[in-house]
2 protein chains.
Amino acid sequence: MEMRRDIFQAIADPTRRAIIALVAAQAMTPGAIAAEFSSSRQTISRHIQILTECQLLRQDQKGREIHYHLNPNQFKEIADFIEPFRQLWDDRFNKLEALMNNPTNP
Amino acid sequence: MEMRRDIFQAIADPTRRAIIALVAAQAMTPGAIAAEFSSSRQTISRHIQILTECQLLRQDQKGREIHYHLNPNQFKEIADFIEPFRQLWDDRFNKLEALMNNPTNP
DNA sequence: TATATTTGCAGTCAAATAGCTGCACTATGG
DNA sequence: CCATAGTGCAGCTATTTGACTGCAAATATA
């Protein structure tokens with residue numbers, strides 16, 4: 001029944017990206033997260049569940065509260081996807097890369 | 001009727017990511033792209049249309065053939081999303097950043 | 001001009017998704 | 001022990017999505 005989630009599908013939803021941005025700043029409880037949105041608490045809870053399945057979020061139980069915090073490692077899969085194209089648009093990256101390949105030269 | 005497409009939704013589909021990877025190597029016609037997949041030509045054509053709506057692909061009409069090629073600029077939106085988290089996992093990036101902040105000239 | 005090739009568009013259908021409400025479970029405090 | 005607060009899960013519905021088939025438009029070739 002439950003389709004295998006991948007991280008690209010997880011970040012496809014704008015609400016979930018907003019949740020990620022919120023939690024990135026500080027760990028938050030589901031209630032506090034839901035308070036930031038107009039959707040119902042249960043709906044936000046479902047989004048949190050999806051993000052947790054992809055390990056984008058991690059739980060931190062404290063008494064009856066659960067604090068969710070970001071797991072930045074999972075973003076590597078997205079980074080790996082766009083990395084091959086990065087040099088085609090990111091001048092800053094090109095400068096960094098030049099320094100990396102030629103660290104001692106002018 | 002037609003929902004506004006965003007780029008995150010565009011790359012959520014694995015077939016579309018595969019199309020992107022194909023076209024990144026070289027510009028291709030819809031027919032040639034479809035030949036790489038088991039889905040029908042029309043289904044692939046629909047995916048190409050979605051990618052083009054998001055400007056991830058660009059058309060290049062040559063007679064009755066249309067060559068699609070990648071528009072890497074659009075990946076910036078994805079990069080901007082994950083960039084804030086990059087330093088938290090990417091050691092290589094940290095090294096590059098260090099070089100950038102402390103260039104070769106003493 | 002007639003024909004074949006390349007492509008896009010409309011229509012249909014099954015499956016997945018995101019939203020809601022209601023209920024059950026756990027932990028804290030009196 | 002009981003009430004309350006914080007969460008998760010089940011079930012329902014409307015919307016969206018991805019796949020297919022069929023057809024039309026445009027271009028190249030005989």
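Hey, can you tell me all the residues within the stretch B:37-58 that are within 14 Å of another protein chain (Cβ to nearest Cβ) and outside any helix (DSSP H, G or I)?
Of all residues in the stretch B:37-58, those within 14 Å of another protein chain (Cβ to nearest Cβ) come to B:50-51, B:54-58.
Residues satisfying the conditions are B:C54, B:Q55, B:L56, B:L57, B:R58.
Which one is nearest to B:R58 (Cα to Cα), of the residues in the stretch B:22-38 that are surrounded by 13 or more Cβ atoms within 10 Å (Cβ to Cβ) and of a type in the set (G, A, S)?
The selected residue is B:A27.
What number of residues within the stretch B:10-50 satisfy the criterion of being touching a residue at least 40 places away in the same chain (Cβ under 8 Å) and either under 19 Å from A:P14 (Cβ atoms) or near DNA strand C (Cβ under 10 Å from one of its atoms) (or both)?
Qualifying residue count for the region: 4.
In the stretch A:59-83, what residues are more than 13 Å from chain B (Cβ to nearest Cβ) and either touching a residue at least 12 places away in the same chain (Cβ under 8 Å) or open to solvent by 70 Å² or more (accessible area, probe 1.4 Å) (or both)? Write out each step before concluding.
Residues of the stretch A:59-83 that are more than 13 Å from chain B (Cβ to nearest Cβ), as a first pass: A:59-68.
Answer for the stretch A:59-83, where residues must be more than 13 Å from chain B (Cβ to nearest Cβ) and either touching a residue at least 12 places away in the same chain (Cβ under 8 Å) or open to solvent by 70 Å² or more (accessible area, probe 1.4 Å) (or both): A:Q59, A:D60, A:Q61, A:K62, A:R64, A:E65, A:I66, A:H67, A:Y68.
Considering the stretch B:84-99 alone, what residues qualify as being more than 9 Å from chain A (Cβ to nearest Cβ) and over 18 Å from A:Q74 (Cα atoms)?
Just the residues of the stretch B:84-99 that are more than 9 Å from chain A (Cβ to nearest Cβ), to begin with: B:91, B:94, B:98.
B:A98, the sole residue that qualifies.
The values are calculated or read from the model by the stated rules, or taken from the named source; none is laboratory data. Computed from a predicted structure; not experimentally measured. Note: ideal-geometry Cβ built from the backbone for every residue, glycine included; neighbour counts use all protein chains shown. The area values use the complete protein model at the heavy-atom level, side chains included, leaving out ligands, DNA and RNA. Shrake-Rupley method; radii C 1.70, N 1.55, O 1.52, S 1.80 Å.
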